[in-house]
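Heads up, the thing below is written out as C-alpha cells.
The values are calculated or read from the model by the stated rules, or taken from the named source; none is laboratory data. Nothing here was measured: the structure is a model prediction, and the numbers come from that model. Here Cβ is always computed from backbone atoms with ideal geometry, including for glycine, and neighbour counts include all displayed protein chains. Surface accessibility is based on the protein's heavy atoms, side chains included, excluding ligands, DNA and RNA. Shrake-Rupley method; radii C 1.70, N 1.55, O 1.52, S 1.80 Å.
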Amino acid sequence: MRRVVTLLLALALGLPVDTVAADRIRVVATINDHRLLVEAVGGDLVEVDVLARPVQNPDDLEVRPSHMVKVRRADLLVINGLDVDAWVEAVVVGANNPRVVPGATGRVDVSRGIPVLEVPTTKVDRSMGDVHPAGNPHYYLDPGLTPITTGNILEALARVAPQHRATFETNRQAFLTRVSASLAGWQRALERFRGAPVVVYHKEWAYLLARFDIRQVDTVEDRPGIPPSPGHLVQLIRRMRDEKIKAILVSAWNDRRTAERVAAEAGARVVLLAHGAGALKGTETYFDFFDYNVKALVQALE
C-alpha cells in the first residue's frame, strides 16, 4: 500500500516514477526477521528483499543465481552473522557488488554487540555436529534484543543515507516503544512458568527461553543437526518421566515424528513454535510472530 501511495503521489506531482524508486535504499537481508526490522527503521525510505524464505532453515540454504542478482543491486546487505548465514559470502562473490563486501559501507552484521549464548569452550570439529563456533546464532528469537539489532540497522542505513538519520531514529524509537509494551505483556503471560523445564529438539530456542526464564534441560538431538541415537532417546524419555517434563519444543524443519514418539513415551506434548516471522500461518508480522510463540508456550506449560 505504501508503494501504491508513493506512486500516486509521484504521478500527481509530475515526478518521474523511476526517480521516486531510485531515492529508496535498496536493502537485501539474509533472513526475514531482519527484513522486518529494516522496514521498521527505514520506513518508506527502504525497499527490502530477503534471501532465505521464512519457511526455510537459514542454516542450510542452497545458493542460487537469483540470490546473486538481488545482492548485485543492493545498497545495503544485512546479515545475521554468527555463521548461521555463512552461505551469503558465496552470494556476495557471485554478485560482484563492492558496496556489500566485508568491511564495506553497505555491509552490516546485526549480531554486533549481542550477548551471545552457548559459545563453545572447546575446539569445535564436525564430529560434534552442527555446532556454531561463535555461539548460538538465533538471537532474533529474543524480542528483548531489538534495541541492539535495530541500533545496528540504524547506523548502517545512516551510513548509506546520512540525510535521513533523523527519520530513521524516529522510526526506530516508535518501533522500540511498541516492542517494549508488547514484551511487558508477553512477560506477564509467562511469569507463572518461570523456571519450568522443557526439552527442545534442536538448540535454537536458547534466547527465547532465557528471556522468559524457562529452563532448557535437554535436547532430542544428542548432537546438533544429527539424528539422535536410540540410546539417547531412551535416556531422554526416562529423564522426562522422572522430572515430569511436559513439553518438547520443535520447529517446522525438525523430525516431528521422532519428537512425537518421545513425547508419547514420556507423557508429554510436542509444541510447534515459529522459528522466524512468517514461518507458520499467522506469524507474518513481527508482533504476530512473538504473540504466536508466547501463546503456544503458555498452552504447553499450563
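Looking at this structure, is Arg192 open to solvent by 20 Å² or more (accessible area, probe 1.4 Å), within 16 Å of the chain's Cα centre (by Cα) and either at pLDDT below 95 or closer than 19 Å to Asp291 by Cα (or both)?
Here the answer is no, as Arg192 does not meet what is asked.
If I ask for residues that are surrounded by 18 or more Cβ atoms within 10 Å (Cβ to Cβ) and among the hydroxyl-bearing types (Ser, Thr, Tyr), which ones from the stretch 56-68 would you list?
The answer is none; no residue qualifies.
Write out, first by first residue and then by second, each pair whose Cβ atoms fall under 6 Å of each other, whose residues are 6+ apart or on separate chains, and whose first residue, in the stretch 137-158, is of a type in the set (A, V, I, L, M, F, W, C) while the second is part of a helix (DSSP H, G or I) and open to solvent by 20 Å² or more (accessible area, probe 1.4 Å).
Pairs that qualify, where the first residue is of a type in the set (A, V, I, L, M, F, W, C) and the partner is part of a helix (DSSP H, G or I) and open to solvent by 20 Å² or more (accessible area, probe 1.4 Å), are Leu154/Arg172; Ala158/Arg165.
If Asp33 passes every condition in (1) over 15 Å from the mean Cα position of the chain (by Cα); (2) modelled with pLDDT of 85 or more but one, which one does it miss?
Only one criterion is unmet by Asp33, namely (1).
Inside the stretch 238-264, can you point out the residues that are within 15 Å of Pro197 (Cα to Cα), more than 27 Å from the chain's Cα centre (by Cα) and in a helix (DSSP H, G or I)?
Residues satisfying the conditions are Arg238, Arg239, Met240, Arg241, Asp242, Glu243.
Residues of the stretch 170-208 being aliphatic (A, V, I, L, M) and part of a helix (DSSP H, G or I), which ones?
Across the stretch 170-208, the qualifying residues are Ala174, Leu176, Val179, Ala181, Leu183, Ala184, Ala189, Leu190, Ala206, Leu208.
Would you point out the residue of the stretch 69-104, among those that are open to solvent by 50 Å² or more (accessible area, probe 1.4 Å), in contact (Cβ under 8 Å) with a residue 24 or more places away in the chain and of a type in the set (A, V, I, L, M, F, W, C), that is nearest to Ile25 (Cα to Cα)?
Val69
Is it the case that some residue within the stretch 232-250 is open to solvent by 20 Å² or more (accessible area, probe 1.4 Å) and small (Gly, Ala, Ser)?
no
What number of residues within the stretch 255-286 are open to solvent by 20 Å² or more (accessible area, probe 1.4 Å), closer than 17 Å to Pro230 by Cα and out of contact with any strand residue (DSSP E or B) (no Cβ under 7 Å at 6 or more places or on another chain)?
5
Report yes if Gln299 is open to solvent by 10 Å² or more (accessible area, probe 1.4 Å) and in a strand (DSSP E or B), otherwise no.
Working: open to solvent by 10 Å² or more (accessible area, probe 1.4 Å): yes; in a strand (DSSP E or B): no.
In short, no.
From the set of residues in the stretch 265-296 that are under 16 Å from the mean Cα position of the chain (by Cα), of a type in the set (D, E, K, R) and assigned to a helix (DSSP H, G or I), which is nearest to Ala52 (Cα to Cα)?
So, considering only residues that are under 16 Å from the mean Cα position of the chain (by Cα), of a type in the set (D, E, K, R) and assigned to a helix (DSSP H, G or I), the one nearest to Ala52 (Cα to Cα) is Asp288.
What single numbered condition from (1) within 28 Å of Gly106 (Cα to Cα); (2) of a type in the set (Ser, Thr, Tyr); (3) open to solvent by less than 70 Å² (accessible area, probe 1.4 Å) fails to hold for Ser182?
For Ser182, the failing item is (1).
Could we say that Asp130 is more than 14 Å from the chain's Cα centre (by Cα) and farther than 22 Å from Arg24 by Cβ here?
Yes.
Taking the condition of being surrounded by 20 or more Cβ atoms within 10 Å (Cβ to Cβ) and touching a helix residue (DSSP H, G or I) at 6+ places or on another chain (Cβ under 6 Å), how many residues in the stretch 197-213 meet it?
4
Which pairs do you get when a residue that is among the small types (Gly, Ala, Ser), found in the stretch 230-252, comes within reach of a residue that is assigned to a helix (DSSP H, G or I) and open to solvent by less than 30 Å² (accessible area, probe 1.4 Å), reach meaning Cβ atoms under 7 angstrom, with the pair 6+ apart or on two chains?
As it stands, the answer is Ala247/Ala300, since those pairs meet every condition given.
Which numbered condition in (1) open to solvent by 10 Å² or more (accessible area, probe 1.4 Å); (2) touching a residue at least 12 places away in the same chain (Cβ under 8 Å); (3) more than 18 Å from the chain's Cα centre (by Cα) is the only one that Leu117 fails?
The failed condition is (3).
For the stretch 214-223, check the following and say yes or no: at least one residue is within 24 Å of Asp60 (Cα to Cα), open to solvent by 20 Å² or more (accessible area, probe 1.4 Å), in contact with a Leu (Cβ under 9 Å, 6 or more places away or on another chain) and basic (Lys, Arg).
Scanning the stretch 214-223 turns up no residue that is within 24 Å of Asp60 (Cα to Cα), open to solvent by 20 Å² or more (accessible area, probe 1.4 Å), in contact with a Leu (Cβ under 9 Å, 6 or more places away or on another chain) and basic (Lys, Arg).
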